[in-house]
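**Q** Quick one: the structure is below, questions incoming.
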Amino acid sequence: MESSARREEAPLTPREIFERLDRYVIGQDAAKRAVAIAAHNHLKRVQARRLRRQSLIKKSNILLIGPTGSGKTHIARNLADILQVPFTTVDATEYTEAGYYGKDVEVMISDLLLKANHSVEDTQRGIIFVDEVDKIARRSQGARNGAGSRDIGGEGVQQALLKLLEGREVYVPLNVTQAWNKSDFVQVDTRDILFICAGTFSDLHDAGDEASSRPLGFGADDASKRLRKRISTKQLVEFGMLAEFLGRLPVVVQLDLLGEADLIRVLTEPPDSIVREFRELLAMDELELEFDDAALREVVHYSVSRGLGARGLRSILEHVMADIMFEAPERRRRQLKVDADYVRPRLVGLDAVQLNV
């Protein structure tokens with residue numbers, strides 16, 4: 001992580017951020033462009049405040065909407081690496097309204113403080129990724145005025161997050177594991193902390209995309225992306241998100257479902273791709289590994305057919321490669337080629353394992 005005392009320099013341009021994201025994040029060009037612009041504006045805002053200039057630039061908090069395995073967390077994590085700032089991922093479902101058993105929202109700032117090695121200055125320019133934000137939607141749809149049953153894990157959490165998203169000076173516990181101990185705390189200003197919230201919003205995402213209307217055959221992936229409707233703010237409010245909460249997330253980015261062609265690229269192209277990782281692992285046993293194109297297509301087709309997306313690729317390949325990895329140190333043949341005939345029966349075996357579970 002770069003020191004907080006680094007020299008002042010011009011912030012990365014949106015194109016530079018996009019190009020660096022593009023090395024690690026496959027597809028989702030529209031999402032990467034929107035995130036790059038928001039990140040650039042965030043850097044300019046932080047720079048203006050550091051130079052003590054009066055600025056009208058507001059926070060560019062981001063809401064990522066997309067199906068499982070579409071790259072929401074991956075984009076946020078790589079963005080933090082590019083900006084060289086502390087980064088933490090939190091699950092919105094772990095938090096409750098203040099005064100109830102569970103984590104208060106200030107604990108997520110404690111997580112970031114821990115990742116910044118307890119440097120308050122570095123913490124105040126970090127990124128917090130709030131996952132599963134759709135799970136804190138208002139659950140008591142009839143009680144819109146606060147009356148009725150308590151919604152301690154839904155609307156109450158949204159209300160508690162408002163002050164953090166907008167930017168306030170808050171007291172956060174120094175020890176994440178003892179958040180209840182209010183005697184050990186530090187003051188953190190959240191005005192320059194970038195919040196990236198993400199959720200699947202599956203009920204909204206699948207609306208108007210029934211199986212009967214999905215295109216089939218060659219080019220079906222591109223056609224299905226065109227058919228997918230954009231989710232409006234009105235739909236999000238009806239889903240159970242507070243208008244005030246959405247108002248503090250001005251950049252709304254909708255990610256598309258990754259098709260088979262994209263997932264093939266996910267497996268092979270990024271510098272940290274799964275295929276490169278397996279090759280490096282076996283190279284340490286002096287084995288040269290090669291994946292047949294047909295084998296990778298089998299893996300990708302399995303993931304798409306079960307709606308696992310990019311997130312499921314690793315678990316699938318781990319199962320497929322289990323025998324090879326077990327026997328690798330003892331193998332005498334220095335070259336290994338994984339083809340479709342090797343993959344197919346193991347994918348059938350993976351189905352059997354999942355059914356038994």
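**Q** I need every pair where a residue in the stretch 265-289 that is under 15 Å from V338 (Cβ atoms) has its Cβ under 7 Å from the Cβ of a residue that is part of a loop (DSSP other than H, G, I, E, B) and modelled with pLDDT of 90 or more, sequence separation at least 6 or different chains.
**A** L267/S273; F278/M321
Here's the yes/no breakdown for (1) of a type outside the set (D, E); (2) assigned to a helix (DSSP H, G or I); (3) outside the structural domain of I274 (by TED's automatic domain parsing); (4) at pLDDT 90 or above:
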| site | (1), (2), (3), (4) |
| --- | --- |
| E8 | no, no, yes, no |
| V46 | yes, yes, yes, no |
| I57 | yes, no, yes, no |
| I75 | yes, yes, yes, yes |
| T89 | yes, no, yes, yes |
| E97 | no, no, yes, no |
| Y100 | yes, no, yes, no |
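**Q** Kindly state which strands (runs of 3 or more DSSP E) lie completely within the stretch 246-350 and contain at least 1 residues that are within 29 Å of A31 (Cα to Cα). Give the steps one after another, and end with the answer.
**A** Values: elements: 251-254, 288-291, 335-338.
The strands (runs of 3 or more DSSP E) meeting that bar are 251-254.
**Q** Considering only the stretch 302-317, state which residues are of a type outside the set (V, I, T) and in contact (Cβ under 8 Å) with a residue 12 or more places away in the chain. Outline the logic, then answer.
**A** Going through the stretch 302-317, the residues of a type outside the set (V, I, T) turn out to be 302-303, 305-315, 317.
Residues satisfying the conditions are Y302, S303, G307, L308, G309, A310, R311, G312, L313, R314, L317.
**Q** Output yes when any residue across the stretch 313-332 is basic (K, R), farther than 30 Å from I136 by Cα, modelled with pLDDT under 90 and not assigned by TED's automatic domain parsing to the domain that holds I75, and no when none is.
**A** Within the stretch 313-332, the first condition is being basic (K, R), and the residues that meet it are 314, 331-332.
Checking the rest, the ones that are also farther than 30 Å from I136 by Cα come to 331-332.
In the following step, the residues that additionally are modelled with pLDDT under 90 were identified as 331-332.
If we keep only those that are not assigned by TED's automatic domain parsing to the domain that holds I75 too, we end up with 331-332.
Checked the stretch 313-332: at least one residue is basic (K, R), farther than 30 Å from I136 by Cα, modelled with pLDDT under 90 and not assigned by TED's automatic domain parsing to the domain that holds I75.
**Q** Still on this structure, I have one more. Within the set of pairs 6+ apart or on separate chains, which have a first residue in the stretch 18-43 that is assigned by TED's automatic domain parsing to the domain that holds I193 and modelled with pLDDT under 90, a second that is of a type in the set (K, R) and surrounded by 20 or more Cβ atoms within 10 Å (Cβ to Cβ), and C-beta atoms under 8 Å apart?
**A** H42/K59
**Q** For the subset of the stretch 160-207 comprising residues that are of a type in the set (D, E) and at pLDDT below 85, which member is surrounded by the most Cβ atoms within 10 Å (Cβ to Cβ)?
**A** The initial filter retains those residues of the stretch 160-207 that are of a type in the set (D, E), namely 166, 169, 184, 189, 192, 203, 206.
Add one more test, that the residue is at pLDDT below 85, and what stays is 184, 203, 206.
Working: D184: 10, D203: 11, D206: 13.
Here the answer is D206.
**Q** If you scan the stretch 102-126, which residues turn out to be without any contact (Cβ under 8 Å) to a residue 60 or more places away in the chain and closer than 20 Å to G156 by Cβ?
**A** Listed by number, the residues that qualify are G102, V105, M108.
**Q** If you don't mind, another one. So V157 clears everything in (1) surrounded by 23 or more Cβ atoms within 10 Å (Cβ to Cβ); (2) at pLDDT 90 or above except one condition, right? Which one?
**A** (2)
The values are calculated or read from the model by the stated rules, or taken from the named source; none is laboratory data. Model, not experiment: these values are computed from the prediction. Heads up, the Cβs are rebuilt from the backbone with ideal geometry, glycines too, and the neighbour counts pull from every protein chain shown.
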